[in-house]
Amino acid sequence: MPDWFLGELRSDQAGETGAVWIYRGMLATARDPAVRSFAERHLSTEAEHLVLIDGLLPRRARSRLLPLWRLAGWVTGALPAAVGAQAAFATVEAVETFVDRHYQDQLDRLAEAGGHAELCALLAACQADERDHRDEGAHLAGADRPIWLRAWCRLVGIGSAGAVALARKV
């Protein structure tokens, strides 16, 4: 594994940790059975991703900000789920839209470096799951979204980008 990729894996660990906690936050506040079912299914997938990423990342290189990623994830899931189903599903779409691009950037960079077929396969499999989550969230949220929800989703995307930048370093 290239040295530069440790920071990328650390950001993946932070992201998958946050994703697990997004769904835990949703389950803590959602009353809608559709949101609860969605969160339970996707929590399982994200927990699997976290195990895979943790297995690749040496303990010394893991993020030291895991409590922050857990809290941020929980809030990112709990708040919209408390508001309603559309907000919960749109939030997942926003997060997973960012994650899809993030994984694609990593795959592109690894392809340029050459080799790393197993690592690329693992990341591509995770990316495919994230795309499924994004697409399901988009479908369930619908296209007609109030301005406050569009602003929230924009904030979620910005927060995701900031978290990745920080996680690469810490």
Mind checking which residues of the range 110-136 are part of a helix (DSSP H, G or I), over 25 Å from S44 (Cβ atoms) and free of Cβ contacts under 8 Å to residues at least 40 places away in the same chain? A111, E112, A117
Complete set of residues in the range 54-77 that are farther than 21 Å from A94 by Cα and in contact (Cβ under 8 Å) with a residue 60 or more places away in the chain: L56, S63, R64, L65
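Residue by residue through the range 28-50, note down the ones that are of a type outside the set (D, E, K, R) and without any contact (Cβ under 8 Å) to a residue 24 or more places away in the chain. Step through it out loud before you land on a result.
Let us first name the residues in the range 28-50 that are of a type outside the set (D, E, K, R), namely 28-30, 33-35, 37-39, 42-45, 47, 49-50.
Of everything in the range 28-50, those that are of a type outside the set (D, E, K, R) and without any contact (Cβ under 8 Å) to a residue 24 or more places away in the chain turn out to be P33, S37, L43, S44.
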Top-ranked residue of the range 108-130 - restricted to ones that are at pLDDT 95 or above and acidic (D, E), ranked as farthest from I53 (Cα to Cα): D108
Listed by range, helices (runs of 4 or more DSSP H) wholly within the range 1-107 having at least 3 residues that are closer than 17 Å to C126 by Cα and modelled with pLDDT of 95 or more are 5-29, 33-56
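Matching residues to (1) buried (at least 17 other Cβ atoms within 10 Å of the Cβ); (2) within 13 Å of the chain's Cα centre (by Cα); (3) closer than 19 Å to S160 by Cβ:
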| position | (1), (2), (3) |
| --- | --- |
| W4 | no, no, no |
| I22 | yes, yes, yes |
| E46 | yes, yes, yes |
| S63 | yes, no, yes |
| A78 | yes, no, yes |
| A82 | no, no, no |
| A121 | no, no, no |
For the range 137-164, which residues satisfy the criterion of being in contact (Cβ under 8 Å) with a residue 12 or more places away in the chain and within 14 Å of the chain's Cα centre (by Cα)? G137, C153, V156, G157, G159, S160, A161, A163, V164
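The values are calculated or read from the model by the stated rules, or taken from the named source; none is laboratory data. Note that the structure is predicted; figures quoted are calculated from it, not measured. Ideal geometry is used to build each Cβ from the backbone, glycine not excepted, and the neighbour counts take in all protein chains shown.
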